Amino acid sequence: MSAAAHLDAASVEQTACDLGAIFRRYGPAYAGQHALRPAQRKAAWAIAHCRTAALGGHREWCPECGYERFTYHSCRNRHCPQCQSLATAAWVAARRAELLPVPYFHVVFTLPHQLHELILWNEHNQRRLLNLLFAAAAQTLLEFGRRELGGRIGFSLLLHTWDQQLRPHFHLHGLVPSGALSCDGRQWIAGGRRFLFPVAGLSRMFRAKYVDGLTRLLDQGQLELPPSLGHLALPGPRRAWLRRLRRRAWVVYSKAPFAGPAKLVDYLGRYTHRVAIGNQRLVACAGGQVTYRYRDRRDGDRLKTDVLPVDEFLRRFLQHILPDRFQRVRHYGLLANRGKRARLAHCRALLGARPPSVSAADPPTAVEWVRQVLGIDLRRCPQCGGELYQERLLPVQPSPASAYVPPPRPQFAAWNTS
């Protein structure tokens, strides 16, 4: 394998179009012209260097036939589109193991676009207002569970912040079983198969809880205001702005999953460890522009293409980088982490259901997962079937002047035998 096999920055946009190539080619200039938050800079560096020599890796070779290959480490950043397939599979398996033998509903809570600028202004606002989104939606569902079913429900919420064109669209996807555990814990209270809770009621309560929380944050000065919303520092204009929010109809969606809860878990799993856009949607990146595919929801989900200047593409992508340690997936009620296993076992006993046949307690290793899913044994030579030997490859740090450019292939002196 010659050094020419490692693409340099000048040739990347001619031969490949993926998010890492875009960041390697255009990231340094964008970072030099725009102020990036620490989480954005960290994610950009990780995506640019994912599966390159900058992160190290290993060389594998077969002494029987002379075959060799080089594999570089993944960045494991949760915003990277080519990382954490194993973590995603483990998450999906764990959620599938938690499913109860009852109908499920897909519930979506969406924030109005008037709040986008306030949320995106800085990381502090982002944390406060997205935490409030989780709290308002969770309190709404728990209260409706007590009111409509007379018991305690359980559900998971997953945050999405984008639409198909990478624009801001803050909403939560919820997976909610139809039914509740009675307050005394002695019976399972069944819910409907086609109807969970009235959507209009969910919308009004969700709106009230969120706007009440937003009012407290503004009154206590816990949010930083962008220049265009500076008037919210004054009590009169602030009350008028909040009244307009209360008069809007907030969008809440609730329907039974068309293909069942397991398929919905698979769908949500695509976005638990990545953000905004996958490499499969990128068509071309040349001449300072990025072409990508998207589905137009307003036109019958037709598949279309859009072209963006690379700076605008990077801006749209980076605005979906969440603050460090911000939890995108949260579980509530019967599914709250503390005591979840015992509660689910109790609910299954009340429902007369068997324990799940799939357990995610011991997720497979990457080698085992590839063998199970693809039928490929990575420990064997793909040419002759012999045993592969391995050497560890040390990371090669890029120079500060080319922090987004893949480093050259290291020499053998940089390897340690594992």
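The values are calculated or read from the model by the stated rules, or taken from the named source; none is laboratory data. Fair warning: this is a prediction, and the values are worked out from it, not measured in the lab. Here Cβ is always computed from backbone atoms with ideal geometry, including for glycine, and neighbour counts include all displayed protein chains.
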Exercise. Can you name the condition, by its number, that residue 285 falls short on among (1) outside any helix (DSSP H, G or I); (2) in contact with a strand residue (DSSP E or B) (Cβ under 7 Å, 6 or more places away or on another chain); (3) crowded, with 17+ Cβ neighbours inside 10 Å?
Worked result: (2)
Exercise. Quick check, is residue 146 in contact with a strand residue (DSSP E or B) (Cβ under 8 Å, 6 or more places away or on another chain), charged (D, E, K, R) and assigned by TED's automatic domain parsing to the domain that holds residue 333?
Worked result: yes
Exercise. Residues in segment 129-136: is at least one free of Cβ contacts under 8 Å to residues at least 40 places away in the same chain, under 27 Å from the mean Cα position of the chain (by Cα) and surrounded by fewer than 19 Cβ atoms within 10 Å (Cβ to Cβ)?
Worked result: yes
Exercise. Is one or more of the residues making up segment 114-121 aromatic (Phe, Trp, Tyr), part of a loop (DSSP other than H, G, I, E, B), assigned by TED's automatic domain parsing to the domain that holds residue 347 and on the phi < 0 side of the Ramachandran plot?
Worked result: yes
Exercise. Checking residue 244 against (1) more than 21 Å from residue 120 (Cα to Cα); (2) basic (Lys, Arg); (3) in the same structural domain as residue 199 (by TED's automatic domain parsing), which test does it fail?
Worked result: (1)
Exercise. If you scan segment 44-68, which residues turn out to be more than 24 Å from residue 322 (Cβ to Cβ), charged (D, E, K, R) and without any contact (Cβ under 8 Å) to a residue 40 or more places away in the chain?
Worked result: none
Exercise. Where residues in segment 325-360 are in a loop (DSSP other than H, G, I, E, B), touching a residue at least 12 places away in the same chain (Cβ under 8 Å) and under 23 Å from residue 123 (Cα atoms), which of them is farthest from the chain's Cα centre (by Cα)?
Worked result: 326
Exercise. Can you pull out the residues in segment 254-287 that are closer than 20 Å to residue 77 by Cα and β-branched (Val, Ile, Thr)?
Worked result: 272, 275, 277
For this session: Filter segment 66-108 down to residues that are assigned to a loop (DSSP other than H, G, I, E, B) and either aliphatic (A, V, I, L, M) or surrounded by fewer than 17 Cβ atoms within 10 Å (Cβ to Cβ) (or both), then give me how many there are.
Result: 8
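Here is a yes/no grid of residues against (1) surrounded by fewer than 20 Cβ atoms within 10 Å (Cβ to Cβ); (2) under 30 Å from residue 281 (Cα atoms); (3) of a type outside the set (Asp, Glu):
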residue	(1), (2), (3)
118	no, yes, yes
140	no, no, yes
166	no, yes, yes
174	no, yes, yes
182	yes, no, yes
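Go through segment 257-280 and count every residue that is free of Cβ contacts under 8 Å to residues at least 60 places away in the same chain and either surrounded by 17 or more Cβ atoms within 10 Å (Cβ to Cβ) or under 17 Å from residue 90 (Cα atoms) (or both).
2
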Exercise. Restricting attention to segment 301-324, which residues are surrounded by 17 or more Cβ atoms within 10 Å (Cβ to Cβ) and in a loop (DSSP other than H, G, I, E, B)?
Worked result: 319, 320, 321, 322
For this session: Have a look at 230, 213, 201 and point out the one that is farther than 30 Å from residue 305 by Cα and in contact (Cβ under 8 Å) with a residue 60 or more places away in the chain.
Result: 213
Problem set entry | Hits in segment 196-236 - residues which are more than 29 Å from the chain's Cα centre (by Cα) and of a type in the set (S, T, N, Q) | 220, 228
